[in-house]
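Below is one structure, written out as structure tokens; the observations come after it.
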Amino acid sequence: MSKRVIIYLLSFAIFTQLILVDDLKAITAEERLIEVEKQLQAVANQIKQYEGEKTDLEKAILANDQSLNQVNKELSEVQAKLVQAEKALEEALAGYDQSLDNLAAVQKNIIEEQTKLGKIKNEITDVKEELFETQKNLNLAKDDLQDQAVELYINGVMSPSTALFVDLNELSDFLAALGYASSIVDSAYEIVEELNAFERLAETQTEFLTEREVERETSISNLQIEEEKKNEISIEAEEYAEDVEKKKDIVESEKRQVESKKAKVLAERRKAQDLLNQANKQLEKLDKEHADLEKLEDAIQADIDRLSSIGGVAPDKLSWPITGSYVSSGYKWRRLRGTTSFHGAIDIPSSTGTPIKAAAGGVVIVARYYGAAGRTVFIDHGGGMTTLYFHMNKIYVSVGQTVVTGDTIGSVGTTGRTTGPHLHFEVRLKNPYSVDCSLPYLDPTSRGRMNPFCFLD
């Protein structure tokens, strides 16, 4: 065998022994009680931590609710302000509509006055034309009378001065005073009558024209007044229009503010809801973990109670784990495969499948495959005593299970590092010096491993 292989086997053996020693130290009854207490303290600390987180979440939710209430209050104020702005807009629009109605009425009056004025102008034009014709006829009649006067002068009826300067308006009276009944006089009378008719017509037309001129002036004045009203109403309408535009801008600004507030509120609500959902999920998680921790605490407490029932005194005697067998390798120094080491146990050979019994009552603290030891069971008997069972073919017990003396815990096998089917049986004591046993009673290489013959019947 090469030196490298020997060194490897030696190192592996030492490492395996150290693992077994360390594990045994960690799983004695008293140390298990200490470990349980540590677990309980850890559970308590975790519960305290989760309770603190729960309180923080509840505070966060409360603060968010307060913030949401404040935002809702601000939203109500903005909505009320928006109602006022919309009311002002309606009033402005109503005023603007009234101004438009007034403007339409004035415009109608202006059109009527303009129509009336146009009619008056047409009437005046017609009367002026008629008056022109009357004047023309009147002048002709005067010319005829003048011709008659000249003819009367020629006939010696009147003197030249009388004929030339006779007042045509008094000519009929003059002719009547003369008392002539000739055809000339008759013709003059006709001319005078025609002349008087033309003069009366001219006077009537003149009066009508004067009245129409007055009406025209009145219509022009009314039209000017209506134009002024129109200008005033137009200015008022423009002012209303400007006011409406301003109010529209205000309303739009208010609407944008409201929409912004609404968006903020919705965002705050979503944020609050998310926090609330997170809080609920966290609380559900905390409740579950709390329940699990309580179950763990109960289980640990049950282990404590079970361990406590074992008692604080190690048994004085142990039963043989395999009935009717012999020891093939005892508690001693030995040389195996070129390596010398202390065998801190006894090997009890038997056929594969032979039942292995608990040497005393206690609690199973290890039940698993353990490297070179193969399938292994550790039983804590109380008082710091633990028995170990190596190389088992099958394991029939589980960790935490309570057994009594003679219970079947497994069967003989060849698992792990072994030369054949057998049971490696160890006894370990936390305080070996308390046991009075014939030498050698104590493993010189690993503290705690006792000679099983000190306890076996």
Legend entry - Matching entry among Glu252, Glu245, Glu226 (being free of Cβ contacts under 8 Å to residues at least 40 places away in the same chain and closer than 30 Å to Ile111 by Cβ): Glu245
Inset, instruction - Output the qualifying pairs, or none if there are none: Cβ atoms under 8 angstrom, residues six or more apart or on different chains, first residue in region 383-397 and farther than 15 Å from Tyr370 by Cβ, second residue assigned to a strand (DSSP E or B). - result: Gly384/Leu429; Met385/Val427; Met385/Arg428; Met385/Leu429; Tyr396/Thr408; Tyr396/Ile409; Tyr396/Gly410; Tyr396/Ser411
Inset, instruction - Starting from residues that are hydroxyl-bearing (Ser, Thr, Tyr) and under 49 Å from the mean Cα position of the chain (by Cα), keep the ones in region 211-268 and report whichever is modelled with the lowest pLDDT. - result: Tyr240
Legend entry - Any hit, region 78-85, residues being assigned by TED's automatic domain parsing to the domain that holds Lys229, assigned to a helix (DSSP H, G or I), among the small types (Gly, Ala, Ser) and at pLDDT below 75: yes
Inset, instruction - Would you check if there is a residue in region 198-217 being free of Cβ contacts under 8 Å to residues at least 40 places away in the same chain, over 23 Å from Gln135 (Cα atoms) and in the same structural domain as Lys81 (by TED's automatic domain parsing)? - result: yes
Legend entry - Residue list for region 229-242, restricted to those being charged (D, E, K, R) and either touching a Gly at 6+ places or on another chain (Cβ under 6 Å) or without any contact (Cβ under 8 Å) to a residue 24 or more places away in the chain (or both): Glu232, Glu238, Glu239, Glu242
Inset, instruction - Within region 374-394, work out how many residues are in contact with a His (Cβ under 8 Å, 6 or more places away or on another chain), hydrophobic (A, V, I, L, M, F, W, C) and closer than 12 Å to Ile409 by Cβ. - result: 1
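Restricting region 358-375 to residues that are assigned to a strand (DSSP E or B) and over 60 Å from the mean Cα position of the chain (by Cα), which is surrounded by the most Cβ atoms within 10 Å (Cβ to Cβ)?
The residue in question is Gly362.
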Inset, instruction - Only residues that are surrounded by 12 or more Cβ atoms within 10 Å (Cβ to Cβ), of a type in the set (A, V, I, L, M, F, W, C) and under 22 Å from Lys246 (Cα atoms): list them for region 56-93, please. - result: Val78, Leu82, Ala85, Ala88, Leu89, Ala92, Leu93
Inset, instruction - List the number of the failed condition for Leu439; all other conditions in (1) among the aliphatic types (A, V, I, L, M); (2) modelled with pLDDT under 90; (3) surrounded by 16 or more Cβ atoms within 10 Å (Cβ to Cβ) hold. - result: (3)
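The values are calculated or read from the model by the stated rules, or taken from the named source; none is laboratory data. Keep in mind the model is a prediction, meaning the values are calculated, not measured. Here the Cβ is made from the backbone with ideal geometry for all residues, glycine too, and neighbour counts use every protein chain on show.
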